[in-house]
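Student: Dropping the structure in here first, questions after.
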Amino acid sequence: MDFVIFTLAMAALIFGADFIVHQSEAIAVRFKIPEFIIGSTLIALGTSLPEMAASVAASLNGKPEIAIANAIGSNIINITLVLGIIFIIAKPFKSTHDFFAKDSIWALLPILTFLIMSIDGKIGKFDAILLLILMVAYLLFLVEDSKNGLIVEEIDEEIKSRFSWIKSIILLLIGFLFVVVGAHFAVDSASNIAHTFKVSEWVISVVLISFGTSLPELVVSISAALKGKVEMAIGNIIGSNLANTTIVIGMAGLVRELPISWSSTYFDLSVMTAATVMLIYITANKLYSRPAGIALMILLALFIEEKIPTTIVS
């Protein structure tokens, strides 16, 4: 029964996030916000809502392991699985946006900040506030960057003509409702599944919950890539991972202090850091190609291979 509840809860999370993403994009297009900013802010934050809701719910329920493992696992899957698939299926393209010079540092900075904060074995309220401030700094950076001539796309007249504030607000509220309710049941059912199979909540969260909460990023990014909007897809991943590390962990840390055991999490933290470094290397050399996608998928395979035996043996 817990598997059924978990599946339905994850469906509610994804369904709600989809509502929020589409309405956020419509609002952004209505106000002529550039495509990359749409991907790295509104869509990134929208697709990170499942992680945010699940981690905050876990923290409120006294399950801090789930809160942090969900964010770490989602960061890994976003880069290795989502970007890996995008680079494999997308047609070769030349980016008009210099991700390495302007944006990829924002993929690594929150990771390094989080690692430094976790050295003492916990993420306290002060740490959480600093992480949230880091996200604000990123948003301010995007605003300033857009003023300095970031690409401005033509407004989609079809979206403009169909836009309605009343409809958007109603759908946004419905989306948030699904996300909040889905997060509550997802955390409870995942915890029960972990106890049933005598598996740690960390393993369940870093694999099962993180994969489920990363589905919105996967769906949105693949859809964007197939439409030739690869920059939006890359921006979505950079923004989503930054949101996972700053807002998701930050909000959960404000609710309750989050303990971190380096002895049991060093592998996952190492994979997350390695995936981020690979992302920076790819953007630095503009290696948006199938070989890059395959390299990311290999790292994902190593991560899963390490976690699955742990689950089975436990």
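Student: Please give the contour-minus-distance gain from LEU112 to LEU140: 0.36 nm per residue of separation, less the Cα-Cα distance, rounded to one decimal in nm.
Tutor: Working: separation 28, 0.36 × 28 = 10.08 nm, distance 2.00 nm.
Result: 8.1 nm gained on full extension.
Student: HN-Hα J couplings of region 168-176 from phi, Karplus 6.51/-1.76/1.60, θ = phi - 60°, integer Hz, Gly and Pro as x?
Tutor: 4, 5, 4, 5, 5, 5, 4, x, 4
Student: List, in order, the whole-Hz ³J(HN,Hα) value for each residue of region 190-196 obtained from phi through the Karplus relation with A = 6.51, B = -1.76, C = 1.60 and θ = phi - 60°; use x for Gly and Pro.
Tutor: 5, 5, 5, 4, 4, 5, 4
Student: Sort region 196-314 into rounded, prolate or oblate with this rule: let a ≥ b ≥ c be the square roots of the eigenvalues of the Cα gyration tensor; rounded if a/c is under 1.5, and if a/c is not under 1.5, prolate when a/b is larger than b/c, oblate otherwise. Walk me through the intermediate numbers first.
Tutor: Values: a/c = 1.83, a/b = 1.48, b/c = 1.24.
In terms of gyration-tensor shape, prolate.
Student: Between SER270 and ILE166, what length comes free when the chain is fully extended (0.36 nm per residue of separation minus the Cα-Cα distance, one decimal in nm)? Intermediate results must be reported in sequence, preceding the final value.
Tutor: Numbers: separation 104, 0.36 × 104 = 37.44 nm, distance 4.57 nm.
Stretched fully, the SER270-ILE166 segment lengthens by 32.9 nm.
Student: Return GLU51, GLU257, GLU201, GLU144 ranked ascending by Cβ neighbour count within 10 Å, so the fewest neighbours appear first. If you can, show how the numbers build up before the last one.
Tutor: Numbers: GLU51 33, GLU257 15, GLU201 21, GLU144 10.
Neighbour counts put them in this order, fewest first: GLU144, GLU257, GLU201, GLU51.
Student: Could you sort out which of LYS125/LYS286; LYS63/LYS286; LYS122/LYS229; LYS167/LYS227 sit more than 30 Å apart by Cα distance in this structure? Mind showing how you got there, number by number?
Tutor: On the way: LYS125/LYS286 38 Å; LYS63/LYS286 40 Å; LYS122/LYS229 39 Å; LYS167/LYS227 25 Å.
Beyond 30 Å between Cα atoms: LYS125/LYS286; LYS63/LYS286; LYS122/LYS229.
Student: Here's something else I'd like to know. Gain in length, ILE174 to GLU306, computed as 0.36 nm per residue apart minus the alpha-carbon separation, to one decimal in nm? Intermediate results must be reported in sequence, preceding the final value.
Tutor: Details: separation 132, 0.36 × 132 = 47.52 nm, distance 3.83 nm.
So the extension gain works out to 43.7 nm.
Student: Related question: Taking the Cβ-Cβ separation of ILE5 and SER261 as r and a Förster radius of 25 Å, what is the calculated FRET efficiency to the nearest 0.05?
Tutor: On the way: r = 28 Å, r/R0 = 1.13.
Once rounded, the FRET efficiency stands at 0.30.
A short reminder: the numbers here are calculations on the coordinates, not readings from a lab. This is a predicted model, so every value here is computed, not measured. Glycine gets a Cβ as well: all are built from the backbone with ideal geometry, and neighbour counts include every protein chain shown.
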